[in-house]
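Below: one structure, written as structure tokens.
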Amino acid sequence: MFSVDWGDPSCAAGNDNLHDSCTPSGKHAHLLCRQRVGKVATIRSLLIRKPPVRITDFSLSRLPRVEFGSGAIAKLPAIAHAYGTKALLVTGAGSLKNSPAWPAVISGLDAQNMSWLHLSIPGEPSPQRVDEAVRALRAESIDVVIGIGGGSALDAAKAIAGLLKPGNSVMDHLEGVGPELPYTGPATPFIAVPTTAGTGSEATKNAVLSVQGTEGFKKSFRDEKLVAEVALVDPDLLATCPSAVIAANGMDAFTQLLESYVSSRAAPLTDSLAWGGMKAARDGLLALYADADDAAARERMAYAALVSGITLAQVGLGSVHGLAAPLGAFFPIPHGVACGTLVATATRINIETLRVREPAHPALEKYAQVGRLLSHQGQLDQKASHAALIDTLDAWTRQLGLPTLAHYGVTPADIPRIVANSRGSSMKTNPIRLDDSEIAAILAARI
Ligand SMILES: [Zn+2]
């Protein structure tokens, strides 16, 4: 269609079939939209003269080179060969080996005269598993690490790539536990190939590692040097993704986009990306859940997940991810399920708290913009838009069959301990500082 940088959210939300490129950060009348929509929008635009958009200060940290598209996996061998002749393939528990992608990757590497080793990481990676892999593989002179799988496989590959050359324990660098030594590298080049649409790990600078149990934790090894050299995103790889994984990971991607969009560090550049990602998720998530063969839905969700990784790495997240960390550490709750089951309630509590304590906060209008976007009702006022947003997220939670926290053994007695461990980096960029009782209310509503 056409490309516009600063759009009017009322145009984008209300008439999005005409305005695929509109973004919501605009503060001035949207000329191209006006031409397209015609008389009604023309009158509206003339009546609503908005001040010019203010470009707030921002930093754009390193991003991977991105190769996105159906069939992009065929490029992997040649891309890998650019980094050397010996690859380490890191995958999840094994489903990839049964997919058509695996023999194509292997024969492609062979055709490039590359040798390769394979490491399978079942479940979410622990620091111990990463250290064992580094110890076992250090002497192998690996030129490039290729992570193929969901967020866990990519995070494991990212952490291993970071430590293969330095050789020290990942515990030296994990945030919030241990000495938190600065990471100086060098990292081994890392190529990220996601096979789920969720965490956006292919675009982020952190690897999440966890130890599960009563003394458990879920913490990040984070550094810009860990960012993948290449994010190779082939939506076709989602074809074998089970529907429950599509549901949880898709909600995680949407949550990451929404939390970035209203983050206290949000910036126009990431707002534009997050808006497009949320629109893609709106149109792709339920469709992909219903039919993994829907190629357009696969593309939309692969895109939403990639963009969510870019935005979260730049501007941070919010209360849902603040809670997902201790929930995942203390209970066997997959990250996407934790986010998906909490996002509607956490959004409601953020909105209610902002209304009471900071009614002029810009996040309130941003939540309203997203409500109009998701509901296709651009004419709604702010209050009705908030209701539409929460209603839509509640409906997605039900339709996608996301379990409650009790399903994983969480009881009301666990709430204080979860709250006490929820104030990591994500909670710090929530649009408003929630007190302990407000955070507890999010959990209580989803047990
Ligand atoms: Zn997430």
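Taken together, the values in this text are just the output of simple stated rules run on the coordinates, not laboratory data. It should be emphasised that the depicted structure is a prediction, and the values quoted were computed from it without experimental measurement. Heads up, the Cβs are rebuilt from the backbone with ideal geometry, glycines too, and the neighbour counts pull from every protein chain shown.
Assorted remarks:
- DSSP-defined antiparallel bridges as percent of all bridges, the chain, nearest 5: 20
- Net charge, Ala441 excluded, C-beta distance under 14 Å - Lys, Arg +1, Asp, Glu -1: -2
- Radius of gyration (Cα atoms) of the chain, expressed as a multiple of 2.2 N^0.38 Å: 0.97.
- A simple charge model with +1 on the Cβ of Lys and Arg, -1 on the Cβ of Asp and Glu and nothing else charged puts the dipole of the chain at about 1000 debye relative to its Cα centre.
- Taking the inverse of the mean reciprocal distance over all distinct Cα pairs, the Kirkwood hydrodynamic radius of the range 65-239 comes to 15.9 Å.
- The angle between the Cα long axis of helix 319-330 and the main principal axis of the chain comes to about 30°, on a 0 to 90 degree scale.
- At R0 = 41 Å, FRET efficiency that the Cβ-Cβ distance of Glu352 and Ala93 yields, to 0.05: 0.50
- 15 Å beta-carbon shell around Ala104, net charge (K/R +1, D/E -1): -1
- The calculated 222 nm mean residue ellipticity attributable to helices in the chain amounts to -15000 deg cm²/dmol, summing -39500 (n - 2.57) over DSSP H runs of n ≥ 4 and dividing by all residues.
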